[in-house]
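Data first, discussion second: the structure below is written as structure tokens.
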Amino acid sequence: MFHKRQAFPTYEAIYFITPNERSVDRFISDFNQEKPLYLAAHIYFIASLDDFLFDKIKKSGVSKYIKTLREMNIDFLGVEPHTFSVDLPLAPFSLFNPLNSAVQTADLQRAAKRIISMLITIGECPFIRYYDPTGSGNGVSAKLALLVQHELDEICKVDKDFPPPSEYKRAILIIVDRSFDMMSPLLHEFTYQAMMTDLLINESGSAPSYNNLDESDAIWTLIKHWHFAEAVEYIRTSFTKFLSENKAAANAIGADSKPIGIDSLKQMKDTLSSLPQFQEMKAKFAVHINICQECKSLFEKRRLDLAASVEQDLATGETSDGKPPKNAMLNLVPVLDNKSSAPYDKLRALIIYIIAMDGIEDVERRRLLETAKLSVEDSQAITNLSYFNIQLSPGQLSPSKMKSKDKGRYSYWGSHKLDKKRKKNKAGDDMPYDLSRYTPLIKRVIEDQITNSVPKDIFPWVTEPGLDQLGIVNEAPKMFRFTSNGLVAPDPNYPHSLRTTRTTWVNRKPAPNKRNATGGDSLNSGNDKNRHSDGSDKSDLRRNGPRIILFSLGGLTYSELRSAHEITRDSLREVFLGSTYLYNPAQFVDILKSLHLSDPSKSNLSALYGAKTTVTDDVSSPKADAPSKEKEKKGIFSSKKR
């Protein structure tokens with residue numbers, strides 16, 4: 001739009017633009033000249049247009065050329081089902097170390113307006129609560145909560161049809177910031193999607209793209225949140241089943257070539273290459289076999305079993321045997337001194353150690369940095385932890401840390417100790433693997449919201465709802481895994497084997513009531529089993545309680561996406577996650593390394609994300625405008641992020 005364009009005076013033009021002053025001025029200039037560029041205009045704004053911009057268009061004299069003007073309310077990204085981003089990748093700079101207050105306010109306003117667009121899309125006017133550990137009401141979560149509430153109030157004043165009538169209870173919006181849980185962005189996660197986006201990264205730190213690796217890929221949709229061991233077992237079992245049921249394929253490769261376990265990934269890959277006539281099968285399995293093989297190779301090459309074991313002990317405050325960890329530093333040193341470990345892995349382990357220890361002495365930090373042979377830039381990442389209220393040295397509490405209340409279940413070690421009683425009589429856990437014991441803290445908050453047990457002193461309400469508006473349940477119902485494509489999910493209690501001699505990353509605690517190796521239960525969305533006896537649809541989760549929307553300022557991780565999926569699966573409640581951006585660990589560490597600069601344009605991140613330090617981008621006015629009644633509905637975020 002801002003480049004020179006050829007005139008087409010006999011054609012009508014469609015404008016799809018951001019509702020800011022720069023875009024509006026450019027549109028006006030296209031028609032406010034002796035020979036307009038186009039015959040007429042159809043304008044679609046991706047968000048609500050502020051009154052003063054609307055008046056500017058009216059007064060410009062170009063209204064006669066406008067045939068359509070609509071507000072679409074789609075200025076957010078549907079990353080994947082039930083997950084959205086407001087696409088502010090450099091927001092940690094303005095949120096935690098702002099150049100000035102105006103920059104922070106501008107980013108908070110951008111986030112608020114885009115959250116509003118998402119809420120309009122799903123037709124929700126939620127009750128809002130926010131993370132406020134100090135009780136001051138001055139944190140970024142509190143500021144965003146008030147901005148969102150203000151926008152909602154303004155919309156409700158001018159649009160009597162919002163929110164639309166509904167038989168369901170109003171949603172709950174919980175706002176946190178990244179300082180709430182600094183373990184999750186750093187820990188190695190061994191579920192399929194999270195592991196892939198952590199290990200298979202390119203030079204820019206982002207995960208490589210795979211064709212059709214989205215909701216159109218039935219295998220991806222089914223296994224992306226499974227533990228890597230289960231995902232490999234499923235692929236192996238499905239591949240073997242295909243060969244056993246297809247005589248032509250079996251004859252093509254011979255009778256002695258059946259793959260067994262994860263060590264056969266290369267054999268499966270070779271088998272695929274020998275079956276050129278089975279294109280559909282190759283398309284179905286090839287990409288996942290490649291991903292599994294690459295992840296396995298990097299896991300072994302970088303000795304992630306060693307690093308992850310130490311990380312889990314530090315993050316949970318207990319060993320895999322349930323005992324308090326002893327000699328944490330002595331256990332850490334082999335990770336830092338390991339020549340096979342990547343610098344990113346060493347830095348992540350060291351940061352996790354500092355967080356778990358509530359700070360370490362400067363001399364100890366220098367010694368550990370020397371042992372790990374980490375750079376000055378890596379050392380700066382540790383120093384920058386203070387912007388997230390992480391204590392770097394013992395006895396040197398930041399003002400916000402001194403005022404913080406006891407977070408109890410939402411503290412790192414405390415959360416797992418308080419959960420021991422809950423889990424004691426539980427048949428099986430979501431991730432009962434030695435290297436997958438940590439539970440992201442946002443999962444605990446959402447679980448507690450389901451039972452209305454979130455403490456009000458840590459998460460106050462903007463406007464507190466009555467108990468009758470919360471849809472309280474005493475215990476969330478359990479649910480079998482099911483898919484719309486009919487693929488069979490493995491029993492989460494079944495200890496799938498990765499190799500003949502199982503290594504620590506596959507070790508999981510035994511659970512009773514094991515079912516068969518290939519299965520578990522599967523419900524097809526089109527099956528009558530999905531319907532209650534009264535004919536209602538079990539898949540309509542809002543019948544079980546209000547939607548829960550958790551928004552994280554400063555980023556989300558793939559492990560947290562997996563946690564939200566588990567809650568929906570197990571509690572039959574509809575959960576949405578949103579954030580300023582979705583990071584893999586390398587991207588988050590890169591943010592940490594540069595955060596002291598305040599201005600992201602001074603860092604190398606600006607080339608990756610496009611740094612913005614001005615406050616005039618897409619924030620024109622804090623005043624909210626009514627959503628267009630002709631806006632388009634997006635469904636439940638089935639689109640792939642582009």
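The values are calculated or read from the model by the stated rules, or taken from the named source; none is laboratory data. Since this is a predicted model, take the numbers as computed values, not measurements. Because the Cβ atoms are built from the backbone with ideal geometry, glycine has one as well, and the counts that use them run over all protein chains shown.
Here are some notes:
- Of all residues making up the range 56-82, the number that are in contact with a Lys or Arg (Cβ under 7 Å, 6 or more places away or on another chain) and β-branched (V, I, T): 2
- In the set (1) under 17 Å from V86 (Cα atoms); (2) in contact with a Cys (Cβ under 6 Å, 6 or more places away or on another chain), the condition left unmet by L173 is number (2).
- Residue within the range 120-137 that is touching a Phe, Trp or Tyr at 6+ places or on another chain (Cβ under 6 Å) and assigned to a loop (DSSP other than H, G, I, E, B) present: yes
- Listed conditions (1) at pLDDT below 95; (2) closer than 22 Å to N138 by Cβ; (3) over 20 Å from the mean Cα position of the chain (by Cα) are all met by K423, apart from (2).
Rundown of residues vs (1) in a loop (DSSP other than H, G, I, E, B); (2) of a type outside the set (V, I, T); (3) at pLDDT below 80, yes/no style:
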position: E215; (1), (2), (3): yes, yes, no
position: E230; (1), (2), (3): no, yes, no
position: E233; (1), (2), (3): no, yes, no
position: F242; (1), (2), (3): no, yes, yes
position: A249; (1), (2), (3): no, yes, yes
position: A252; (1), (2), (3): no, yes, yes
position: D256; (1), (2), (3): yes, yes, yes
position: L265; (1), (2), (3): no, yes, yes
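- Odd one out for E167 among (1) within 21 Å of the chain's Cα centre (by Cα); (2) more than 22 Å from N389 (Cα to Cα); (3) acidic (D, E): (1)
- Selection status of S29, free of Cβ contacts under 8 Å to residues at least 24 places away in the same chain, surrounded by 17 or more Cβ atoms within 10 Å (Cβ to Cβ) and in a helix (DSSP H, G or I): no
- Whichever residue in the range 13-26 is outside any loop (DSSP other than H, G, I, E, B) and in contact with a strand residue (DSSP E or B) (Cβ under 7 Å, 6 or more places away or on another chain) and, among such residues, is surrounded by the fewest Cβ atoms within 10 Å (Cβ to Cβ): I14
- For the range 52-70, a residue qualifies if it is surrounded by 15 or more Cβ atoms within 10 Å (Cβ to Cβ) and farther than 18 Å from A13 by Cβ, and the qualifying residues are L53, F54, K56.
- Filtering the range 145-175 to residues that are surrounded by fewer than 24 Cβ atoms within 10 Å (Cβ to Cβ) and under 25 Å from V589 (Cβ atoms) leaves nothing.
- Selection status of P585, crowded, with 24+ Cβ neighbours inside 10 Å and modelled with pLDDT under 95: no
Condition check ((1) part of a loop (DSSP other than H, G, I, E, B); (2) within 10 Å of the chain's Cα centre (by Cα); (3) at pLDDT 95 or above; (4) surrounded by fewer than 22 Cβ atoms within 10 Å (Cβ to Cβ)) across all residues:
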{"site": "S552", "(1), (2), (3), (4)": "no, yes, yes, no"}
{"site": "L561", "(1), (2), (3), (4)": "no, yes, yes, no"}
{"site": "T568", "(1), (2), (3), (4)": "no, no, yes, yes"}
{"site": "L577", "(1), (2), (3), (4)": "no, yes, yes, no"}
{"site": "L592", "(1), (2), (3), (4)": "no, no, yes, no"}
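- Counting only helices (runs of 4 or more DSSP H) that fall entirely inside the range 315-389 and contain at least 3 residues that are buried (at least 21 other Cβ atoms within 10 Å of the Cβ) and outside the structural domain of P92 (by TED's automatic domain parsing), the qualifying elements are 328-336, 343-356.
- Applying the set (1) without any contact (Cβ under 8 Å) to a residue 40 or more places away in the chain; (2) out of contact with any helix residue (DSSP H, G or I) (no Cβ under 6 Å at 6 or more places or on another chain); (3) not in a strand (DSSP E or B) to S48 leaves exactly one unmet item: (1).
- Boolean, A194 is small (G, A, S) and over 16 Å from the mean Cα position of the chain (by Cα): no
- Check on F93, farther than 28 Å from V575 by Cβ, surrounded by 24 or more Cβ atoms within 10 Å (Cβ to Cβ), over 22 Å from the mean Cα position of the chain (by Cα) and not hydroxyl-bearing (S, T, Y): no
- Taking the range 34-48 as the range and being touching a Pro at 6+ places or on another chain (Cβ under 8 Å), under 21 Å from K64 (Cβ atoms) and crowded, with 21+ Cβ neighbours inside 10 Å as the test, only F45 passes.
- Residue match in the range 520-540 (condition: in contact with a Pro (Cβ under 6 Å, 6 or more places away or on another chain) and modelled with pLDDT under 50): yes
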